[in-house]
Amino acid sequence: MHVLFYDENYKYAGEDDIEINIEEGEKLPPNSTTTPIPSGLSVPKYDPEKDEWIESATKEYIESVTPPAPKPSEIEVLSKQVADLYYLIAMGGA
């Protein structure tokens, strides 16, 4: 069974595959869950009351670790310019 662990502040602390037989009454280790983390979370934090992972990072932190969007390639720029020229010609110029 794939288990995700969280620390005393409920922040993600790793994961592991463990052998456990819930049908025989075995329980998950302390501070663990089988609820998967949704993609896109920078600093996941577990909410045991809702049984879900939430974002715990500030907006400023997320912006600081998010890479800038890639600049368009020369071909993409030229393609847009050609498309704009075709549009201009189709609309009758200026």
**Fill in**
The set of residues whose placed amide H lies less than 5 Å from the amide H of residue 15, leaving out same-chain residues fewer than 5 positions away, is 5
**Fill in**
Taking trypsin sites (Lys or Arg not before Pro) as exposed when in a DSSP loop with at most 16 other Cβ atoms inside 10 Å, the chain has its longest clean stretch at 51-94
**Sorted by Cβ density within 10 Å, fewest first, the residues 87, 12** = 87, 12
**Asked** Label 7 Å along Cα→Cβ of residue 1; segment 18-42 residues with amide nitrogen under 19 Å?
**Response** 18-37
**Item:** Charge dipole of the chain about the Cα centre (unit charges at C-beta), most positive-ward option of 43, 91, 13
**Value:** 91
**Fill in**
Inter-part gap, Cα centre of segment 1-48 to Cα centre of segment 52-82, in whole angstrom, is 30 Å
**Request:** Rank the residues 6, 61 as a footprinting-exposure proxy: fewest other Cβ atoms within 10 Å of their Cβ go first.
**Result:** 61, 6
**Fill in**
So, for the Cα atoms of segment 2-67, Rg and Dmax in Å stand at 13.8, 47
**Request:** Step through the residues of segment 27-36 one at a time and calculate ³J(HN,Hα) from phi using the Karplus curve (6.51 cos²θ - 1.76 cosθ + 1.60, θ = phi - 60°), rounding each to whole Hz and writing x for Gly and Pro.
**Result:** 10, 5, x, x, 6, 9, 8, 9, 5, x
**Asked** Based solely on its DSSP helices, what 222 nm [θ] is calculated for the chain when runs of n ≥ 4 H residues each add -39,500 (n - 2.57) and the sum is averaged over all residues, nearest 500 deg cm²/dmol?
**Response** -8000 deg cm²/dmol
**Asked** Arranged by the count of other C-beta atoms within 10 angstrom, fewest first, what order do 73, 79, 32 take?
**Response** 73, 79, 32
**Message:** Mean-square fluctuation check for the chain, GNM, Cα pairs under 10 Å: which of 13, 57, 83 is largest?
**Reply:** 83
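Throughout, read-outs are computed from the coordinates displayed, never taken from laboratory work. Model, not experiment: these values are computed from the prediction. Note: ideal-geometry Cβ built from the backbone for every residue, glycine included; neighbour counts use all protein chains shown.
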